[in-house]
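A short write-up of the structure that comes next.
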Amino acid sequence: MVKKETSRVLDLNPPSLPKRHHIILKFLISFLLLGLAFRLFVSDSLSFFTSSIVEAPPPLVEETNVVIEPPLPATSAGDLLSVNESKTIPNEEISMSFNASNGECDLFVGDWVPDPSAPVYTNSSCRDIEAHQNCMKNGRPDSGYLYWRWNPRSCELPRFDPEKFLDLMKNKWWAFIGDSISRNHVQSFLCILSQVEQAVEVYHDEQYKSKRWHFPSHNFTLSVIWSPFLLKADIFEDINGVSSEETQLHLDKLDKTWTDQYENFDYAVIAGGKWFLKTAIYHENGTVTGCHSCLGKNLTEMSFEYAYRRALKSILDFMMGSGRKAFVFLRTTTPDHFENGEWFSGGTCNRTGPFKEGEVDIKDVDAEMRGIEMEEFEKASIVGAKNGVTLKLLDTTRMSMLRPDGHPGPYRQFQPFAKDKNAKVQNDCLHWCLPGPIDSWNDILMEMVIREAH
């Protein structure tokens, strides 16, 4: 049985071999088979182990370090600490946020950021837009300039709330006093308010430059007073800005067009500046003292800086000392964006998006004007505080400088290229399309009023 069994198992033993040789041969074959099996096992194990090292994916912790946004949910105390560290706010930002919560952040230090929401009003929903600023109706083909909002860097700036504003201003009177930019500003103001209540025009002057409106449901009055110098001035200029003779400007006399009404005003927004760059003959104490930019006249040349500082001091002295404790805003100068010329020499403004920080520098003349405004504002603020008059700086210069895309350009006229695509037309790179960037001035204006009320 054993032999038969053995021969069946090995099937390699010749029958003639002696029994002793048979046993030795069996032992050798068994040893060889065992060695071969061991070698194959070790080789496969090493191959598997090596391939595991090469092909294994990187540890999960390394992937987590790369991914910053959004943070992974915390699953342990250690994870929670890691998430908090990735969201740490620098000390200066904490300080800015703290100041913002106290209403101390600077509303004028910020950036224009994309805003997909539609403007509060359109040229269809507001009937108070003047033709020269009605860019959409006049055929401006792009609309990207409408979808930006001013974003202060250290606090939130809410949208102007017309319903809240009118409720706050029951039985009050606001006046915007200045040049055509002030009229541009008040149109934006009107358009926003008209979404709650339509104003009733109750007065206009012969040239429709000064107007007054009334909001019956709130007994709120709004005026715009055209007084480009805020001083007494004899002006000889047509609607396109062309003068037939030099302006006669009285540096020591305020314009009664607004001073005679001033005692009625609860709030006043004043602005000027640009008109002081124009040619003008200066009068003081009833006599001609000089002239700015007069060619061919035997008059002492005087700088616009002198005239503007003299004017601003007189204006603010009157407002701070008049006895009328109005809330006064001094709006800083508005930069233009003419390129390749000026308004009278073919200058254009064809850009379709805002400038970023560092892409544009303020012009020397605007820097000079704003410097004068800041200095006179500081002096007047001291006097106003003693007399119980609130004086605030509406410092829109920088935020406006970053918006070359917000002007009518050639679309100050109706369909300027309808007959000739290459027509040469006068561009407006100073005033603002409505709706447009100037609407953000009113967001800031309301926020300043709310802060003062608190």
What FRET efficiency, computed as 1/(1 + (r/R0)^6) with R0 = 51 Å and r the Cβ-Cβ distance, is obtained for Leu299 and Ala418, rounded to the nearest 0.05? 0.65
Calculated FRET efficiency for the pair Thr279/Ala367, C-beta based, R₀ 25 Å, to 0.05: 0.70
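Within a Cβ distance under 9 Å of Ser194, other residues only, what is the Lys/Arg minus Asp/Glu net charge? Spell out each step's value before the answer.
Values: positive: Arg127; negative: Asp128, Glu197.
Around Ser194, the surrounding residues sum to -1.
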Approximate spin-label separation Glu359-Ser243, in nm, with each point projected 7 Å along Cα-to-Cβ: 3.5
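Enumerate by residue number the chymotrypsin sites (Phe, Trp or Tyr not before Pro) in segment 209-299 meeting two conditions: DSSP loop (anything except H, G, I, E, B), and at most 16 other Cβ atoms within 10 Å of the site's Cβ.
Sparse-neighbourhood loop chymotrypsin sites (Phe, Trp or Tyr not before Pro): Phe236.
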Whole-percent carbon and sulfur contribution to the accessible surface of segment 136-453 (1.4 Å, no ligands, DNA or RNA) stands at 48
Each residue of segment 309-319 in turn: what ³J(HN,Hα) in whole Hz from Karplus with 6.51, -1.76, 1.60 and θ = phi - 60°, glycine and Pro shown as x? 5, 4, 5, 4, 4, 5, 5, 5, 4, 5, 6
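Highest first, please rank the peptides 413-419, 363-369 by the mean number of other Cβ atoms sitting within 10 Å of their residues.
The densest-packed peptide leads the list: 363-369, 413-419.
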What is the set of long-range amide H partners of Val269 at a cut-off below 5 Å, with H atoms built 1.01 Å from backbone N? Ala175, Phe176, Ile177, Phe329
Amide H neighbours of Phe220 at under 5 Å, excluding residues fewer than 5 places away on the same chain, with H built from the backbone geometry, are Asn171, Phe215
Calculate, for Asp111 and Glu342, the FRET efficiency according to 1/(1 + (r/R0)^6) with r their C-beta to C-beta distance and R0 30 Å; round to the nearest 0.05. 0.60
Distance in nm between Glu197 and Thr289 label points, each 7 Å along Cα→Cβ, equals 4.5
Heavy-atom accessible area per residue, segment 136-453, 1.4 Å probe: how many Å²? 45
Tell me which GluC sites (Glu not before Pro) from segment 175-270 have a DSSP coil assignment and no more than 14 other beta carbons within 10 Å of their own. Glu206, Glu245
Taking 0.36 nm per residue of separation and subtracting the Cα-Cα distance, what length does fully extending Ala453 through Asp234 add? 74.9 nm
Treat each spin label as a single point 7 Å out from the Cα along the C-beta direction, and report the Asp161 to Thr257 distance in nm. 3.6
Do any of Lys278/Lys421; Lys172/Lys209; Lys356/Lys424; Lys172/Lys211 go past 25 Å between their Cα atoms, and which? Lys278/Lys421; Lys356/Lys424
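The values are calculated or read from the model by the stated rules, or taken from the named source; none is laboratory data. Keep in mind it's a predicted model, so treat the numbers as computed, not measured. Here the Cβ is made from the backbone with ideal geometry for all residues, glycine too, and neighbour counts use every protein chain on show. These accessible areas exclude ligands, DNA and RNA; they are computed on the full protein's heavy atoms, side chains included. Shrake-Rupley method; radii C 1.70, N 1.55, O 1.52, S 1.80 Å.
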